[in-house]
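Just below is one structure, and these are the notes that go with it.
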Amino acid sequence: MSRNKAVVPEAKAALDAFKYEVANEIGVPLSKGYNGNLTSYQNGSVGGYMVNSMTPERHREFTRKQGMVNMESIRVRYTYAVAFG
């Protein structure tokens, strides 16, 4: 049994429904109750997909003008982390 505490207990039902929806989408035969027949890779893929779906975009690309004389355009990619807390 999980010892994790929900920050927003009212969201538990929605997260559970989302978990089964994600498992169905990626082809993991997740069922209610004990899932000891699944590998850690299968279970982790469900959780990983959920996190990637819930977090905002972590990469931004845009064109920036470089230099003052010739105004060349260069492609810049910024990567940042999303912190929860």
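The values are calculated or read from the model by the stated rules, or taken from the named source; none is laboratory data. Note that the coordinates shown come from a computational prediction; the quantities given were computed from them, not determined experimentally. All Cβ positions, glycine included, derive from the backbone under ideal geometry; neighbour counts span all protein chains shown.
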Tell me which residues, restricted to segment 31-57, are assigned to a helix (DSSP H, G or I) and either of a type in the set (Ser, Thr, Tyr) or in contact with a strand residue (DSSP E or B) (Cβ under 9 Å, 6 or more places away or on another chain) (or both). 40, 41, 45, 49, 53
For segment 1-25, what are the residues that are under 19 Å from residue 54 (Cα atoms), assigned to a loop (DSSP other than H, G, I, E, B) and of a type outside the set (S, T, N, Q)? 5, 6, 7, 8
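Is it the case, given these coordinates, that residue 28 is in a loop (DSSP other than H, G, I, E, B) and either modelled with pLDDT under 90 or touching a strand residue (DSSP E or B) at 6+ places or on another chain (Cβ under 8 Å) (or both)?
Considered against the rule, which asks whether it is in a loop (DSSP other than H, G, I, E, B) and either modelled with pLDDT under 90 or touching a strand residue (DSSP E or B) at 6+ places or on another chain (Cβ under 8 Å) (or both), residue 28 comes out as no.
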Determine which member of the set 23, 17 is surrounded by 10 or more Cβ atoms within 10 Å (Cβ to Cβ) and in contact with a Leu (Cβ under 7 Å, 6 or more places away or on another chain). 23
